[in-house]
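**Student:** Below is the structure I would like to discuss, written out as structure tokens.
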Amino acid sequence: MKNYKITLLKGDGIGPEIVEQAVKALNVLADKHGFHIEYTDALLGGVAIDATGVPLPPETVEACKAADAVLLGAVGGYKWDTLPGHLRPEAGLLGIRSALGLYANLRPAVIFGPLKSASPIKDEIIGDSLDIMVVRELTGGIYFGERGRKEVKGQPAAFDTEMYTVPEIERIARVAFDVARKRNKKVTNVDKANVLESSRLWRETVLKVAEGYPDVELNHLYVDNAAMQLVRNPRQFDVILTSNIFGDILSDEASQIAGSIGMLASASLSDGTLGLYEPIHGSAPDIAGQGVANPLATILSAGMLLRYSFGMEQAAGQIDAAVAAVLETARTPDIWEEGCKRVSTAEMGDLVCALLK
Ligand code: IPM
Ligand code: MG
């Protein structure tokens with residue numbers, strides 16, 4: 001029987017509860033399809049700070065590198081909010097993305113039919129379905145540029161730097177075009193090339209990469225316009241290609257079109273086979289431990305893990321189908337509607353597992 005290794009970074013807040021549900025779903029599929037998964041837990045974020053003093057201990061990086069894939073819950077919480085930037089839980093998340101070379105972040109914003117009424121966007125704007133793929137650059141730009149504090153004219157000041165190299169732009173652009181080829185063959189590049197020099201280099205480079213993809217349509221939007229177009233006419237988008245910070249912002253916006261931030265999964269990929277999979281939402285410390293968190297984004301992330309790291313398209317499709325089916329009757333509080341059963345985090349996990357069996 002084939003054996004796969006997954007390192008679990010459950011993290012903080014609701015992280016452990018939601019990862020547990022995704023593990024249950026993976027185990028059902030392992031039984032069904034005849035493979036075995038060996039799990040290793042490693043510390044990231046606040047729990048790592050409490051145990052070791054740093055948000056990303058070296059053992060965690062090793063445990064991830066030794067795995068076939070990494071499944072992450074979420075990091076952060078009030079308790080660690082006042083720590084200096086490099087010791088915050090979020091620094092651990094950025095650190096692991098960087099240490100594993102995970103430069104390509106795929107964030108599908110898909111609206112599941114039964115959730116259409118949970119979307120704040122009118123039915124006629126959404127149409128029958130919505131399926132956008134945000135391709136976010138994940139290991140460069142302002143998240144990783146030089147930053148600091150200084151004094152300007154005797155006043156305290158701070159700065160962060162947005163910088164991209166041509167190879168960094170080329171490789172993420174290729175990912176976006178390759179993804180588009182398997183979808184509706186349209187890439188919308190989002191930048192701020194009317195103001196930022198880094199965006200002008202970004203756009204020039206995307207245009208060059210596009211020459212190798214004559215079969216894929218390319219258009220460009222400034223990020224402010226893209227934010228507006230996402231709610232005005234989301235169906236114009238197929239693949240959105242964008243930088244680290246713009247992708248962070250636009251994927252949260254896209255999640256609301258899809259009904260709830262509790263529904264959006266993500267895959268962070270490198271040039272190798274190792275991938276890291278996580279919901280796009282945070283650790284939600286306000287609801288942690290209450291059993292009310294929506295585990296579906298994490299379960300869908302486990303589906304992306306099966307698809308991208310294990311090459312198991314069929315099993316991945318079963319996760320997507322089970323999530324779509326469960327939404328017909330059962331909902332966690334974030335997406336609950338009249339006529340549906342209100343279920344807990346674990347009950348939602350069990351219902352998905354029952355459908356997968
Ligand atoms: C995300 C999150 C992270 C990010 C935070 C927690 C550092 O918002 O994955 O979207 O900004 O990348
Ligand atoms: Mg974010």
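**Student:** Given the options Ala193, Ala265, Ala297, state which has the largest fluctuation in a GNM of the chain using a 10 Å cut-off (strictly under) for Cα springs.
**Tutor:** Of Ala193, Ala265, Ala297, the Gaussian network model singles out Ala193 as fluctuating most.
**Student:** Among Leu26, Tyr103, Ala330, pick out the residue whose Cα is farthest towards the positive end of the charge dipole of the chain, where Lys and Arg carry +1 and Asp and Glu carry -1 on C-beta, about the Cα centre.
**Tutor:** Farthest along the dipole direction, towards plus: Tyr103.
**Student:** How big is the Cα convex hull of the chain in projection, averaged over all directions, in nm²? Show your work: numbers first, answer last.
**Tutor:** On the way: hull surface 74.6 nm².
Computed as one quarter of the Cα hull surface, the answer is 18.6 nm².
**Student:** What's the lysine pair count for segment 1-93 at a Cα cut-off below 16 Å, pairs eight or more apart or interchain?
**Tutor:** Working: Lys2/Lys32; Lys5/Lys24; Lys5/Lys65; Lys10/Lys24; Lys24/Lys32.
The result is 5.
**Student:** So what's the back-of-envelope 222 nm ellipticity for the chain, counting only DSSP H runs of four-plus at -39500 (n - 2.57) apiece and dividing by all residues, rounded to 500? Walk me through the numbers before you get to the answer.
**Tutor:** Values: 12 runs with 142 residues, N = 357.
Here the helix-only value at 222 nm equals -12500 deg cm²/dmol.
**Student:** Also, quick follow-up: Could you tell me whether segment 1-101 comes out rounded, prolate or oblate from its Cα gyration tensor? Rule is a ≥ b ≥ c as square roots of the eigenvalues, rounded for a/c under 1.5, then prolate if a/b exceeds b/c, otherwise oblate.
**Tutor:** On the way: a/c = 3.08, a/b = 1.86, b/c = 1.66.
In terms of gyration-tensor shape, prolate.
**Student:** Taking a ≥ b ≥ c as the square roots of the eigenvalues of the Cα gyration tensor of segment 218-316, is the shape rounded (a/c under 1.5), prolate (a/b larger than b/c) or oblate?
**Tutor:** On the way: a/c = 1.95, a/b = 1.21, b/c = 1.62.
Oblate is the answer for segment 218-316, as a/c is 1.5 or above yet b/c matches or exceeds a/b.
**Student:** Assign one of three labels to segment 160-275, namely rounded, prolate or oblate, based on the Cα gyration tensor with a ≥ b ≥ c the square roots of its eigenvalues; rounded applies when a/c is under 1.5, prolate when it is not and a/b is larger than b/c, and oblate otherwise.
**Tutor:** Working: a/c = 1.30, a/b = 1.18, b/c = 1.10.
Cα axes put segment 160-275 in the rounded bin.
**Student:** Select from Leu207, Val231, Ser243 the residue farthest towards the positive end of the dipole of the chain; place +1 on Cβ of Lys and Arg, -1 on Cβ of Asp and Glu, and compute about the Cα centre.
**Tutor:** Checked the options; the winner is Leu207.
**Student:** With the crude spin-label approximation of a point 7 Å out along Cα→Cβ, what separation in nm comes out for Lys32 versus Gln236?
**Tutor:** With each label point 7 Å from Cα toward Cβ, the separation is 3.9 nm.
**Student:** With +1 assigned to the C-beta of every Lys and Arg and -1 to the C-beta of every Asp and Glu, and no other charges, what is the dipole magnitude of the chain about the Cα centre in debye, to the nearest 20? Spell out each step's value before the answer.
**Tutor:** Working: 35 positive and 46 negative charges, 74 e Å.
Dipole about the Cα centre, nearest 20: 360 debye.
Laboratory data are not the source of any read-out in this text; all were calculated from the coordinates shown. If you're wondering where the values come from, they're calculated on a predicted model, not measured in any experiment. Glycine gets a Cβ as well: all are built from the backbone with ideal geometry, and neighbour counts include every protein chain shown.
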